[in-house]
Amino acid sequence: MLDKIAQLRQMLDESRYTVALCGSGMLEEGGLEGLKKQERAYSIEEKYGWGVEEMYTSVFYNTRPEKFFDFYKNEILRNIPRETATAGALADMERAGRLQCIIDTNVYEQMERGGCRNVINLHGSIYRNQCPRCGRMYPISYILDAKRVPLCETCNVPVRPQVSLTGEMVDSQNMTRTTQEIGRADVLLLLGTTLASEVFEQYVKYFSGRYLVVIHKKEHYTDRGADLLIMDYPMNVLPLLHYEKETGEDGQ
């Protein structure tokens, strides 16, 4: 393990531009089981009478707004994963000039809450909510405090969470920025995800840099194509790089 940490540190120190991709494994690190996990998906269907793939959609938001927000508030907004040591270590890397961009597929802003700054939230954020008619923005508290459907105070239409629902196209600006950042990278870190990720597989092909690194607890045979593979949670690996010592924030 220590040999791999030293190898990773050397890769990062040599890199002129490093990008980190954060996948669904970050939710597991933060104590949250993903919506698509079999046990949770079954429990949700038993509770609401519809499956996640039916409720977490724009069609459900438009046609059954009360049911949509009942599900959304209880299953998404009241189950927020905690930020872990991964976010703190990535923030240290940013401050040390060793990490230029983070691309996160999750909607909970774990990285920002942990101190990271240059983050692309590929699928949006639960903290951004907008009236689809007038464009007025609302905080997450407004959604949670609504008794049933959170309505725009001006237009009286349901406020729209700014997250990519199942089946929707990812925001085109986010897609463009993501491909550009990956294309610039010397080192690409896949954290809590694999080379076979449904989301990242289409983006990794834009990488033409030096080192592809996968840090993930669960093994997938495609990850053997990485230049460095570390089978562990990123929160157990990244702090061992000790970039906090280069930022003067090691607590001493």
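Values as computed for the structure displayed
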read-out	value
Residue satisfying condition, being acidic (Asp, Glu) and assigned to a helix (DSSP H, G or I), within set 181, 168	181
Leading residue by the ranking (nearest to residue 80 (Cα to Cα)) among those in the range 18-43 that are surrounded by fewer than 16 Cβ atoms within 10 Å (Cβ to Cβ) and in contact (Cβ under 8 Å) with a residue 12 or more places away in the chain	31
Residue in the range 159-169 that is over 19 Å from the mean Cα position of the chain (by Cα) and under 30 Å from residue 139 (Cβ atoms) present	yes
Qualifying position, being more than 15 Å from the chain's Cα centre (by Cα), of a type outside the set (A, V, I, L, M, F, W, C) and part of a loop (DSSP other than H, G, I, E, B), among 208, 197	208
Residue that is in contact with a strand residue (DSSP E or B) (Cβ under 6 Å, 6 or more places away or on another chain) and of a type in the set (Asp, Glu), where the choices are 39, 94, 112, 83	112
Answer from 109, 66, 75, 46 - the residue that is assigned by TED's automatic domain parsing to the domain that holds residue 176, among the charged types (D, E, K, R) and either surrounded by fewer than 20 Cβ atoms within 10 Å (Cβ to Cβ) or within 22 Å of residue 176 (Cα to Cα) (or both)	109
Scope the range 209-223; condition in contact with a strand residue (DSSP E or B) (Cβ under 9 Å, 6 or more places away or on another chain) and among the basic types (Lys, Arg); matching residues	210
Residue that is surrounded by the most Cβ atoms within 10 Å (Cβ to Cβ) [pool: residues in the range 112-134 that are among the hydrophobic types (A, V, I, L, M, F, W, C) and closer than 26 Å to residue 179 by Cα]	116
Among the residues listed as 175, 231, 137, the single one being in the same structural domain as residue 90 (by TED's automatic domain parsing) and surrounded by fewer than 15 Cβ atoms within 10 Å (Cβ to Cβ)	231
Evaluation of residue 21 against (1) under 22 Å from the mean Cα position of the chain (by Cα); (2) of a type in the set (A, V, I, L, M); (3) assigned to a helix (DSSP H, G or I); (4) in the same structural domain as residue 108 (by TED's automatic domain parsing) (one fails), failing number	(3)
Matching residues, the range 71-96, being farther than 22 Å from residue 150 by Cβ, charged (D, E, K, R) and not in a helix (DSSP H, G or I)	82, 83
Top-ranked residue of the range 1-17 - restricted to ones that are farther than 28 Å from residue 179 by Cα and in contact with a Leu (Cβ under 9 Å, 6 or more places away or on another chain), ranked as surrounded by the most Cβ atoms within 10 Å (Cβ to Cβ)	1
Residue in the range 144-167 that is charged (D, E, K, R), modelled with pLDDT of 95 or more and closer than 19 Å to residue 198 by Cα present	no
Of all residues making up the range 24-60, the number that are under 22 Å from the mean Cα position of the chain (by Cα), assigned to a helix (DSSP H, G or I) and among the hydroxyl-bearing types (Ser, Thr, Tyr)	1
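The values are calculated or read from the model by the stated rules, or taken from the named source; none is laboratory data. If you're wondering where the values come from, they're calculated on a predicted model, not measured in any experiment. Cβ: placed from backbone, ideal geometry, glycine included. Neighbour counts: every protein chain shown.
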